[in-house]
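Engineer: Take this structure first; my questions come after.
The values are calculated or read from the model by the stated rules, or taken from the named source; none is laboratory data. Predicted model, so just to flag it, every value in this text is computed and none were measured. Reconstructed Cβ throughout: ideal geometry from the backbone, glycine too, with neighbour counts over all protein chains shown. Ligands, DNA and RNA are excluded from the accessible area calculation, which covers all protein heavy atoms including side chains. Shrake-Rupley method; radii C 1.70, N 1.55, O 1.52, S 1.80 Å.
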Amino acid sequence: MRIDECYTLTHSKAVARGIIRNNEFIEVPNDRTVNRNKSLRAKDSENLGMVDDVASVRKNDEDTKSNEDVAREIVHFLEQHDKDDPTVKHQAMVLTQTIDAGGTNSAEDFCECYNAVVPKDYRCEKYVGGKKINNSILSDFGEGKIRTLVVIDKLREGYDNKAVSVVAIVRNVAIESRVLFAQFVGRAIRKIRPDDPVTAIIIAHKRHDQRPNYDQFDHVTDVIVPADEEN
């Protein structure tokens with residue numbers, strides 16, 4: 001019986017040895033998001049009837065615009081990765097949450113915003129698990145028929161799709177949940193082959209404050225690598 005020898009590498013050492021992709025964090029700035037708060041004048045308050053209604057409209061508008069900005073960044077980097085390695089149709093995954101979770105960036109809301117601004121070939125689908133149709137969506141994504149998949153958690157354990165080179169986080173992952181952040185980001189760092197030239201891209205809007213999680217990424221992530229993969 002063959003037993004593969006394994007050992008543990010830190011994330012940074014695995015990158016340095018070319019075992020996994022390097023990565024880059026892209027924070028979409030607030031000033032890129034069109035904020036209509038400035039354009040809502042007093043007469044808008046009168047038309048809407050209540051100040052609370054105005055605040056709700058402003059917040060929804062901010063959510064929509066930040067989602068659209070993230071969507072454009074996703075497509076930009078997918079296009080760039082396809083140029084860097086034309087042999088692969090690269091894909092993206094987006095971490096959000098369900099409407100029931102009360103999040104401002106629910107899976108359904110994000111998909112609607114995303115599909116409104118991206119080319120048809122880059123349209124996304126959402127996967128929430130537990131239903132036959134969702135298994136079909138996951139299968140289509142694995143076969144490259146879907147370019148971007150929106151999920152509500154890190155996806156089931158053991159899922160592996162090395163064509164994923166871009167991940168985006170459009171929810172507030174607390175620093176206490178940095179393991180969730182690291183596990184999800186890990187979806188994009190697996191190399192398709194040893195000479196894979198692509199840098200994994202991690203996208204988050206500044207309003208979701210994911211920079212602290214990224215700064216801890218190297219400390220949270222350990223990579224278990226079979227000995228023969230190093231050679």
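Engineer: Distance in nm between label sites at His76 and Ile175, each 7 Å beyond Cα in the beta-carbon direction?
Structural biologist: According to this spin-label approximation, the distance is 2.8 nm.
Engineer: So how much accessible area does Cys111 have, in Å² to the nearest 10, using a 1.4 Å probe?
Structural biologist: 10 Å²
Engineer: Please give, to one decimal in nm, the separation of the simple spin-label points placed at Thr87 and Ala16, each 7 Å out from Cα toward the Cβ.
Structural biologist: Result: 2.8 nm between the two label points.
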